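Let me begin by presenting the structure, written as structure tokens, before commenting on it.
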Amino acid sequence: MQLKNVMIIANGAKKEAFPLTQEIEKYLDEKGIAHMSVMTKSTDDEISIPQSVNFVISLGGDGTVLYVARKVHELGLPILPVNLGTFGYITEVAKNEWQEALEHFVKTGENLSRRLMLKVHINRKGKRVFSSYALNEATISSSGISKVVKLELLLDNTLAGLFKADGLIVATPTGSTGYSLAAGGPILSADMSAFIITPICPFTLSNRPLVTGSETCCTVRVAEGQRTDLVLSVDGQSAFMLYEKDEVVIEKSRSKALLVTSRRRNYTEVIRDKLNWSGEFHA
């Protein structure tokens, strides 16, 4: 791949972000590659991606990558996710490895992972009132003090059941190591094409996590008679209040997040190290 115009999107809250941005800018200048940089303050920041940009570098943690992926996936732009801290599940490229990962991708294109994303929208009284995308998950839950909510789950218009729980998570394989995992969901290989539907603390113990094909249309209907307000959370960063009878429709996005990966470790090694699968006791 030929780098024509690189956009660096950095988490301004990270102290390492500015000096590393300068380091990358100097490298790009020496290579004669056009570039621009944006320092974000929060995941609510609006950023504009010029049409000339053909590669994006994300500087931050997993949260920064989630933010960047939602901004650029429809444009088909590869993202180099550089971690400014401990290794993340998504940002597996360390800050001293960015050049190696970048140059290997430019030369071979081999270290690119294509990640499924969710397309999420809310139908209310026959009208679409909200639309977004997610790389990790969409979560429907109580918006206040933890209370049991009632949710109807439909898979391809077939009623799968009524869930009484603290909420329901629909996650991607990338998101299988996030909130879904904490709620008891399985870990899937990041390059798989599937959805994980995970109840959060279900009232009925027979309500278990479900893995379904990514061609499935998942609809979560907010049942009547709720005792609390509900909210839809997208990647834990974007929220929208829900009303009774609202339908949250979750489908596979046509576009994928294109993540440049590390040459020094693969997804299995990241999972092993993050979860301490060493055979020893860990508190």
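The values are calculated or read from the model by the stated rules, or taken from the named source; none is laboratory data. All values derive from a computational prediction rather than experimental measurement. Here the Cβ positions follow ideal geometry from the backbone for every residue, glycine too, while neighbour counts run over all protein chains shown. Only protein heavy atoms, including side chains, enter the accessible area calculation; ligands, DNA and RNA are left aside. Shrake-Rupley method; radii C 1.70, N 1.55, O 1.52, S 1.80 Å.
In the set 182, 194, which member is modelled with pLDDT of 95 or more, surrounded by fewer than 20 Cβ atoms within 10 Å (Cβ to Cβ) and within 26 Å of residue 91 (Cα to Cα)?
194
Taking the range 223-242 as the search range and keeping residues that are part of a loop (DSSP other than H, G, I, E, B) and out of contact with any Ser or Thr (no Cβ under 6 Å at 6 or more places or on another chain), which one is surrounded by the most Cβ atoms within 10 Å (Cβ to Cβ)? Quick ask: steps written out before the conclusion?
Filtering the range 223-242 for residues part of a loop (DSSP other than H, G, I, E, B) gives 223-229, 235-237.
Filter again for out of contact with any Ser or Thr (no Cβ under 6 Å at 6 or more places or on another chain), leaving 223-227, 235-236.
Working: 223: 15, 224: 8, 225: 6, 226: 17, 227: 9, 235: 28, 236: 17.
It comes out as 235.
Residues that are closer than 30 Å to residue 215 by Cβ: which helices (runs of 4 or more DSSP H) entirely in the range 1-119 hold 2 or more of them? Don't jump to the end; show me each part of the working.
Values: elements: 17-31, 62-72, 98-108.
Here the list reads 62-72.
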Item checked: Any pair with Cβ under 8 angstrom, 6 or more apart, that starts in the range 265-283 at a residue that is over 22 Å from residue 192 (Cα atoms) and ends at one that is at pLDDT below 65 -> 276/282
Next item on the list: Looking at (1) within 27 Å of residue 250 (Cα to Cα); (2) buried (at least 18 other Cβ atoms within 10 Å of the Cβ); (3) hydrophobic (A, V, I, L, M, F, W, C), find the lone condition where residue 145 falls short.
Entry: (2)
Check: Does any residue of the range 202-222 turn out to be free of Cβ contacts under 8 Å to residues at least 24 places away in the same chain, open to solvent by 40 Å² or more (accessible area, probe 1.4 Å) and out of contact with any strand residue (DSSP E or B) (no Cβ under 9 Å at 6 or more places or on another chain)?
Finding: yes
Notebook entry, point to check: Taking into account only those residues within the range 65-89 that are more than 22 Å from residue 254 (Cα to Cα) and open to solvent by less than 20 Å² (accessible area, probe 1.4 Å), which is modelled with the highest pLDDT?
Noted result: 82
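Results for (1) part of a loop (DSSP other than H, G, I, E, B); (2) farther than 29 Å from residue 73 by Cα; (3) not acidic (Asp, Glu), shown as yes or no for each residue.
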| position | (1), (2), (3) |
| --- | --- |
| 131 | no, no, yes |
| 153 | no, no, yes |
| 185 | yes, no, yes |
| 203 | yes, yes, yes |
| 208 | yes, yes, yes |
| 211 | no, no, yes |
